[in-house]
1. Which is the longest stretch in the chain that no exposed loop site breaks, taking sites as GluC sites (Glu not before Pro) with a DSSP loop state and at most 14 other Cβ atoms within 10 Å?
2. What is the dipole size for region 102-149, taken about its Cα centre, with +1 at each Lys and Arg Cβ and -1 at each Asp and Glu Cβ, in debye to the nearest 20?
3. What relative contact order, as a whole-number percentage, does the chain give when Cα pairs under 8 Å and 6 or more residues apart are counted?
4. What are the extents of the Cα atoms of region 104-241 along their three principal axes, in Å, largest first?
5. Quick one: length gained pulling Leu260 to Glu239 fully straight, 0.36 nm per residue minus the C-alpha distance?
6. Show me the ranking of peptides 249-260, 197-208 by mean Cβ neighbours inside 10 Å, starting with the highest.
7. Build a GNM of the chain with springs between Cα atoms under 10 Å: which of Gln119, Gln246, Gln233 gets the top mean-square fluctuation?
8. Please find the FRET efficiency linking Val51 to Glu134, where r is the Cβ-Cβ separation and R0 is fixed at 35 Å, and quote it to the nearest 0.05.
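Derivation of every value follows stated rules applied to the coordinates shown; laboratory data play no part. Just so it is clear, the model here is predicted, and its values are computed rather than measured. Please note: Cβ atoms are built from the backbone with ideal geometry, for glycine as well, and neighbour counts cover all protein chains shown.
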Amino acid sequence: HAKRDGHGGYRLFEPAMHADVLARLELRTDLQRAIDAGELELHYQPVVRLVDGATTGFEALMRWRHPERGLISPADFIPIAEETGLIVPMGRWALLEATSHLRALGSLYRMNVNLSAKQLQDPELVYDVRAAIEGIDPRRLTLELTESIVMEDTGHAVAQLTALKALGVRLALDDFGTGYSSLGYLSRLPVDVLKLDRTFLACDEPNLIAAVVGLGQALALDVVAEGIEEEEQWRTLRELGCHYGQGFLFSKPLSAADSLAAVH
Ligand code: C2E
Ligand code: MG
Ligand code: MG
Ligand code: MG
């Protein structure tokens with residue numbers, strides 16, 4: 001990102017940006033090592049049914065327990081993992097780890113796993129998913145994709161989604177509302193679940209929230225609201241008929257052990 005230097009020209013680098021580039025390079029080398037060292041973890045955020053607040057499943061969210069930096073959040077390493085292609089083995093690991101945890105949670109629960117664009121391009125993805133759900137009702141696994149994933153490489157992405165659907169797993173469109181997909185396009189995607197980005201709740205516009213919940217309902221999708229932090233938001237969504245929700249009001253993402261304790 002070039003910045004104006006105030007003299008009518010542009011400077012490509014600033015000292016702070018340079019430090020940032022170095023930090024990213026360091027993280028990149030570190031990340032490769034981290035995978036082999038087993039430093040990645042999954043935390044699990046409850047997904048609740050809004051009518052009664054019961055936990056119906058969990059979303060697996062990746063964390064990196066770095067020996068010096070402590071717990072690193074995905075925003076700080078997923079982009080690097082995507083640039084380097086490391087997201088493919090990381091995502092495969094997450095899929096196996098999350099489905100193994102799903103077995104431990106028991107047959108009453110569902111599991112959601114996030115997929116990145118690079119994984120959708122991986123020809124082995126469908127085999128990996130099939131192996132991961134061995135012995136599990138496939139409908140208990142939901143794969144979350146963002147709009148940009150699907151927009152990037154339309155033909156191939158849709159073919160992969162169709163192959164995944166044929167396994168019986170469910171697909172969710174994540175962060176809905178932050179991208180720019182056309183509504184016509186949305187109706188042609190083989191998705192089962194619409195996850196409304198938390199910016200919808202944060203904007204505090206009841207009519208807008210009602211409109212997007214209604215959109216999901218009109219397309220016969222399960223609607224999940226992300227980022228529910230207040231009782232009032234829960235009540236509004238419940239009254240609108242939004243089916244499910246996630247947010248700090250119910251629970252932050254939990255360690256594997258805590259998520260088991262929460263349901264048993
Ligand atoms: P996401 O899939 O949209 O996940 C929801 C994010 O919202 C999580 O952040 C979660 O901790 C956060 N969140 C949940 N409830 C609330 C709330 O009430 N308030 C606020 N402010 N935030 C809330 P997290 O864990 O930092 O993950 C960020 C993003 O990183 C995820 O967004 C997802 O896009 C990506 N990510 C996480 N794990 C994976 C993974 O295994 N694979 C891939 N490809 N991406 C992942
Ligand atoms: Mg997600
Ligand atoms: Mg999301
Ligand atoms: Mg989001």
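1. Details: sites that count: Glu68, Glu124, Glu134, Glu229, Glu230.
Longest gap between qualifying sites, sites excluded: 135-228.
2. Details: 6 positive and 7 negative charges, 46 e Å.
Dipole size: approximately 220 debye.
3. Numbers: 389 pairs, mean separation 46.7, N = 264.
This gives 18 percent for the chain.
4. 43, 36, 23
5. Values: separation 21, 0.36 × 21 = 7.56 nm, distance 3.01 nm.
So the extension gain works out to 4.5 nm.
6. Numbers: 249-260: 15.9, 197-208: 14.1.
In decreasing order of mean packing, 249-260, 197-208 become 249-260, 197-208.
7. Checking each option, the largest mean-square fluctuation is seen for Gln233.
8. Details: r = 33 Å, r/R0 = 0.94.
Working from the Cβ atoms, E equals 0.60.
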